[in-house]
Amino acid sequence: MAAVEDAARLVIKIGSALLVDRGTGGLRADWLEALADDVARLRARGTDVILVSSGSIAMGRGMLGLPRTELTLEQSQAAAAVGQIRLAGAYGAALARHGLIAAQVLVTLEDSTDRRRYLNARATLEQLLKLGAVPIVNENDTVATDEIRYGDNDRLAAQVAATAGADQLILLSDVDGFYSGNPAQDASATRFDVIEAITPEIEAMAGDAGSGLSKGGMKTKLMAARTAMAAGCDMVITEGSCLRPVQALEQGAPCTWFRAMGTPQQKRKAWIGGMKPKGRLHVDAGAVRAMGRGSSLLPAGLARVEGRFGRGDPVEIVAPDGAVLGLGLCRYNAVDAGMIKGLRSEAIEPVLGYPARAALVHRDDMAF
């Protein structure tokens, strides 16, 4: 059985109904401060934590006095613009009590489909975690269109977990797990403790009911589970309205775990290894030795560039004897890579005219 205590990198998704009071439309400050206590405890034991938070539209709706009926797209975007400022400030203040720095990251589901934007998001999250910050990720609802009408933060949280290489994803929701039917309508509905495969029978059990403030039903949670599991990330659904909900989960609160097969690293390597290369990077003997020790490929070890490829495209890495060592996602396009071949990191900026990443292909983006 998976356990939160085992997580090295954890993504926690917070639903709108947990953060925003249904009656007043205001922030549930006591709940948020208790969640910050959970985050501080996780960080103290060495767990990386990323929060994916709903709530900007729900909070902005109350602040602007908008009706509780279905909002138009323009009203939703306006509510998000107002609510996001309040939401970010509230997270920053709650985490600051523990000496933690909050970092706001606004994305859309499209950021995971464009490889260059995906690599940018991955690098930003990695750097924030390395610097000790707690990323607070939200969908960029102020400019999104279809994402507001049809999107949800359950699936966004799963995409963030996959992008960041998280090994666990917690969906804090207004339900305490996945049931065989809607428990509000079916007294015989039973909760699953563990789901190891999303079968057609499991899919048929999912309903669309949401809480009114939250847009996510069980179907979107199953979609999130499928994405997380495919990325090697375990996912759990649990009811989150109590104070310190992560601690409650650790202490045995009702939940449903979706078990992934393999680790995030294994799944990522398999994903990269299955890509069709768009070019070749010929490296020298020193680079071959360095990569054999687990290092990234640096421009200093690049001897020749072959093919036409863009930033983020898959390329073969080729040894001096012509042997293909593996496949990797290149952080430069073919033209720039050719300009900086053989250069040390400090010499890159004068040649390209802009600050650039030290690695040509990062070790996390290689499959051998």
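The values are calculated or read from the model by the stated rules, or taken from the named source; none is laboratory data. Everything numeric here is computed off the predicted structure, so don't read it as measured data. For neighbour counting, all protein chains shown are included, and Cβ atoms are generated from backbone atoms with ideal geometry for every residue, glycine included.
Is the range 5-14 home to any residue that is surrounded by fewer than 18 Cβ atoms within 10 Å (Cβ to Cβ), hydrophobic (A, V, I, L, M, F, W, C) and assigned to a loop (DSSP other than H, G, I, E, B)?
Checked the range 5-14: at least one residue is surrounded by fewer than 18 Cβ atoms within 10 Å (Cβ to Cβ), hydrophobic (A, V, I, L, M, F, W, C) and assigned to a loop (DSSP other than H, G, I, E, B).
Would you call Thr108 without any contact (Cβ under 8 Å) to a residue 40 or more places away in the chain and assigned by TED's automatic domain parsing to the domain that holds Gln159?
Considered against the rule, which asks whether it is without any contact (Cβ under 8 Å) to a residue 40 or more places away in the chain and assigned by TED's automatic domain parsing to the domain that holds Gln159, Thr108 comes out as no.
Examine the range 141-154 for a residue that is at pLDDT 85 or above, buried (at least 24 other Cβ atoms within 10 Å of the Cβ) and not in a loop (DSSP other than H, G, I, E, B), and state whether such a residue exists.
Yes, the range 141-154 contains at least one residue that is at pLDDT 85 or above, buried (at least 24 other Cβ atoms within 10 Å of the Cβ) and not in a loop (DSSP other than H, G, I, E, B).
Mind checking which residues of the range 308-330 are more than 22 Å from Arg117 (Cβ to Cβ), small (Gly, Ala, Ser) and surrounded by 13 or more Cβ atoms within 10 Å (Cβ to Cβ)?
Passing the criteria: Ala319, Gly326.
If I ask for residues that are within 11 Å of the chain's Cα centre (by Cα) and either surrounded by fewer than 16 Cβ atoms within 10 Å (Cβ to Cβ) or hydroxyl-bearing (Ser, Thr, Tyr) (or both), which ones from the range 109-133 would you list?
Ser112, Tyr118
Part of a helix (DSSP H, G or I) and farther than 29 Å from Ala166 by Cα, is that true of Val335?
The answer is yes for Val335.
Within the range 17-57, how many residues turn out to be more than 22 Å from Ala164 (Cβ to Cβ), of a type outside the set (A, V, I, L, M) and in contact (Cβ under 8 Å) with a residue 40 or more places away in the chain?
Final tally of qualifying residues: 5.
If only one of Leu18, Leu51 is within 15 Å of the chain's Cα centre (by Cα) and either of a type in the set (Ser, Thr, Tyr) or buried (at least 21 other Cβ atoms within 10 Å of the Cβ) (or both), which one is it?
Leu51
Looking for something at pLDDT 90 or above, among the β-branched types (Val, Ile, Thr) and part of a strand (DSSP E or B) - is there at least one such residue anywhere in the range 72-91?
The answer is no, given that none of the residues of the range 72-91 is at pLDDT 90 or above, among the β-branched types (Val, Ile, Thr) and part of a strand (DSSP E or B).
For the condition touching a residue at least 40 places away in the same chain (Cβ under 8 Å), hydrophobic (A, V, I, L, M, F, W, C) and assigned to a strand (DSSP E or B), what is the one hit in Ile272, Ile317?
After ruling out the rest, the residue left standing is Ile317.
Within the range 66-78, is there a residue that is touching a strand residue (DSSP E or B) at 6+ places or on another chain (Cβ under 8 Å) and either within 28 Å of Tyr332 (Cβ to Cβ) or surrounded by fewer than 19 Cβ atoms within 10 Å (Cβ to Cβ) (or both)?
Taking every residue of the range 66-78 in turn, none turns out to be touching a strand residue (DSSP E or B) at 6+ places or on another chain (Cβ under 8 Å) and either within 28 Å of Tyr332 (Cβ to Cβ) or surrounded by fewer than 19 Cβ atoms within 10 Å (Cβ to Cβ) (or both).
Can you name the condition, by its number, that Val236 falls short on among (1) surrounded by fewer than 18 Cβ atoms within 10 Å (Cβ to Cβ); (2) within 30 Å of Thr190 (Cβ to Cβ)?
It is condition (1) that Val236 fails.
Can you tell which of Leu329, Leu352 is modelled with pLDDT under 95 and in contact with a strand residue (DSSP E or B) (Cβ under 7 Å, 6 or more places away or on another chain)?
Result of the check over Leu329, Leu352: Leu329.
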